[in-house]
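Below is one structure; the comments refer to it alone.
The values are calculated or read from the model by the stated rules, or taken from the named source; none is laboratory data. Keep in mind it's a predicted model, so treat the numbers as computed, not measured. Note that each Cβ is placed from the backbone with ideal geometry, even for glycine, and that neighbours are counted across all protein chains shown. Just so you know, the surface numbers come from the protein's heavy atoms only, side chains and all, with ligands and any DNA or RNA stripped out. Shrake-Rupley method; radii C 1.70, N 1.55, O 1.52, S 1.80 Å.
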Amino acid sequence: MKRIVALLLTVAVLAGFAAPVRAEEPKQVVTKAVEQILTFLRDPALRSAREAQADKIKGVARPLFDYRIISMRTLGKNWKELNPAQQEEFVTLYSRLLEDTYTKRVQNYQNEQVQVGDEVKLDDTKTEVRTTILAAAGPIPLTYRLYMKDGGWKVYDVLAEGVSLTNNYRTQFDEIFRNGGAEEVLRNLRERKSS
Amino acid sequence: MKRTWMMLVLAALLALPALAAGQQAQDRKLEPGAAVASPLNPAADIEFLEGGEAPAPTLADPIEPFNRGMFWVNDKLYFYLLKPTAQVYSALVIKPVRTGVNNAFHNVRSPLRFINCLFQGRFTRAGQELGSFLLNSTFGIGGLFRVSDGVEGLNPEDDEDLDQTLGTWGIGQGFYIVWPVLGPSSPRGSVGYAGDHFLDPLTWIIGGWGVGHPLVDFDKDKDWIVPLAVSVGERVNNVSLRIGDYEAFKRDAIDPYLAMRDAYVQNRAARVEK
């Protein structure tokens with residue numbers, strides 16, 4: 001009997017070591033972030049301190065978004081045309097643009113309800129989580145696309161009413177790239193920063 | 001002794017799935033830059049990195065100079081006419097009322113969405129639409145409140161229109177057109193818009209209003225006045241709830257014209273696809 005117990009214990013210990021730390025489900029990841037951000041938006045103290053509120057929101061969003069992948073996907077085939085220094089600058093400037101865009105939009109919050117809906121698997125490592133913002137002028141579907149990276153889930157695209165942010169910016173950058181190349185794309189982003 | 005062996009086999013069997021899971025987790029940790037095919041490692045998947053796995057739909061824009069002109073006209077119309085009007089209006093009417101009016105317009109068009117669902121063969125969605133309509137018309141007091149939003153299974157769904165129906169039938173959009181006042185469209189979208197107008201219950205409800213009325217005494221040839229006033233009212237009411245959206249869109253865009261065109265194309269494609 002003792003032997004059996006010992007064996008079972010060994011099995012348990014072995015299993016414990018071997019089992020990988022279970023990653024959080026994508027839906028949980030999104031739900032948690034949405035809830036945290038909603039807390040900041042509803043907090044009366046933060047409502048009167050926009051800067052502090054923006055920083056808190058960015059603090060939640062930053063680890064969730066994979067800005068490098070988003071940058072690469074946005075430039076698409078043009079990414080290779082940039083030298084490493086230009087690539088770094090693009091990632092920095094573009095992530096700042098996206099972060100500001102996202103934060104400002106979120107800060108427009110007017111007590112709308114946010115529903116986290118279904119998760120739809122795209123393939124083994126990609127998935128999307130659908131949310132809906134019940135705005136006064138009608139519901140706005142907002143979908144987060146995530147991919148598995150180092151055992152965790154990272155956002156690589158956001159779709160508002162079916163419009164992919166990445167694709168939307170790619171259309172715009174493509175045009176600028178065609179007319180003025182990488183330097184023109186960067187100049188455009190630099191000017192936005194100062195404005 | 002036999003028992004010990006049996007226990008060991010059992011133990012091995014029990015530990016197997018866990019070990020396998022551990023192995024799988026290790027498989028995922030691939031060397032950076034290792035070129036491995038898609039499903040296991042997105043970070044090394046060229047197609048994914050170039051955004052090619054979900055290519056954006058496109059729409060030809062052969063009349064771009066005209067469209068850019070109309071975009072400019074609509075932009076000015078918004079800032080100099082629509083927005084100021086909506087601002088005055090929202091100062092006069094409290095938000096719950098404006099939301100209610102917006103909801104009521106949405107509700108009265110429910111039959112239009114229902115018919116389009118049927119045309120598209122989306123019977124589940126048609127059922128949801130009917131359910132929402134009944135619920136919002138009764139408990140939502142004639143559609144003033146969107147009671148259905150909080151009901152599981154009647155989840156908020158977006159619009160269904162004839163343009164989507166035509167798209168579902170495999171008819172292409174044609175090319176991009178920006179109409180003054182109405183905004184982004186296409187030949188298919190324009191046909192859909194006109195068709196929807198005839199399918200719209202509101203068209204039939206208010207069609208004859210004012211004609212032969214003892215007080216206003218409209219002639220038959222002025223029967224467009226009320227419908228026009230109603231659609232202007234609807235638009236102003238709707239815009240009053242979304243002031244700031246267009247401004248934010250413009251601020252975030254690199255080229256607002258291209259951003260708008262792409263958003264229109266993507267949005268239409270996503271709706272047809274569903």
- [ ] Please determine, by comparing only the residues of the range A:39-65 that are farther than 19 Å from A:GLN28 by Cβ and small (Gly, Ala, Ser), which one is nearest to the chain's Cα centre (by Cα).
- [x] A:ALA54
- [ ] Under 7 Å between Cβ atoms, at least 6 apart or on separate chains: pull out the pairs that start in the range A:109-136 with a residue that is among the charged types (D, E, K, R) and end on any residue that is open to solvent by less than 70 Å² (accessible area, probe 1.4 Å) and not in a strand (DSSP E or B).
- [x] A:GLU119/A:PRO26; A:ASP123/B:PRO39; A:ASP124/B:PRO39; A:LYS126/B:PRO42
- [ ] Being surrounded by 15 or more Cβ atoms within 10 Å (Cβ to Cβ) and farther than 30 Å from B:VAL101 by Cβ is the filter here, so list the residues in the range A:122-151 that pass it.
- [x] A:THR125, A:LYS126, A:THR127, A:GLU128, A:VAL129, A:TYR144, A:ARG145, A:LEU146, A:TYR147, A:MET148, A:LYS149
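For the range A:150-181, which residues satisfy the criterion of being more than 10 Å from chain B (Cβ to nearest Cβ) and either more than 18 Å from A:VAL120 (Cβ to Cβ) or part of a helix (DSSP H, G or I) (or both)?
Of everything in the range A:150-181, those that are more than 10 Å from chain B (Cβ to nearest Cβ) and either more than 18 Å from A:VAL120 (Cβ to Cβ) or part of a helix (DSSP H, G or I) (or both) turn out to be A:GLY152, A:PHE177, A:ARG178, A:ASN179, A:GLY180, A:GLY181.
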Open item on the list: Going by what's in this entry, would B:GLY143 be described as within 14 Å of chain A (Cβ to nearest Cβ), crowded, with 20+ Cβ neighbours inside 10 Å and at positive phi?
Closed with: yes
Open item on the list: Here are the criteria: (1) open to solvent by less than 50 Å² (accessible area, probe 1.4 Å); (2) within 14 Å of chain B (Cβ to nearest Cβ); (3) among the aliphatic types (A, V, I, L, M). Tell me which single one A:LEU46 does not satisfy.
Closed with: (2)
Open item on the list: For the range B:223-266, which positions are surrounded by fewer than 18 Cβ atoms within 10 Å (Cβ to Cβ), over 22 Å from A:GLU99 (Cβ atoms) and at the interface with chain A (Cβ under 9 Å from one of its Cβ atoms)?
Closed with: B:ARG242
- [ ] For A:GLU119, indicate whether it is exposed (fewer than 14 other Cβ atoms within 10 Å of the Cβ) and among the acidic types (Asp, Glu).
- [x] no
Task: Hits in the range A:60-99 (condition: surrounded by fewer than 18 Cβ atoms within 10 Å (Cβ to Cβ), under 17 Å from A:ALA33 (Cα atoms) and within 14 Å of chain B (Cβ to nearest Cβ)) - done: A:GLU99
TODO: Report yes if some residue within the range B:50-65 is modelled with pLDDT of 70 or more, under 23 Å from B:ASN267 (Cβ atoms), surrounded by 13 or more Cβ atoms within 10 Å (Cβ to Cβ) and of a type in the set (Val, Ile, Thr); otherwise report no.
DONE: yes
- [ ] Considering each of A:ARG187, A:ARG192 in turn, give the residue that is open to solvent by 20 Å² or more (accessible area, probe 1.4 Å) and in contact (Cβ under 8 Å) with a residue 60 or more places away in the chain.
- [x] A:ARG192
Task: Matching residues in the range A:136-149 - criterion: being at pLDDT below 90 and more than 8 Å from chain B (Cβ to nearest Cβ) - done: A:ILE140
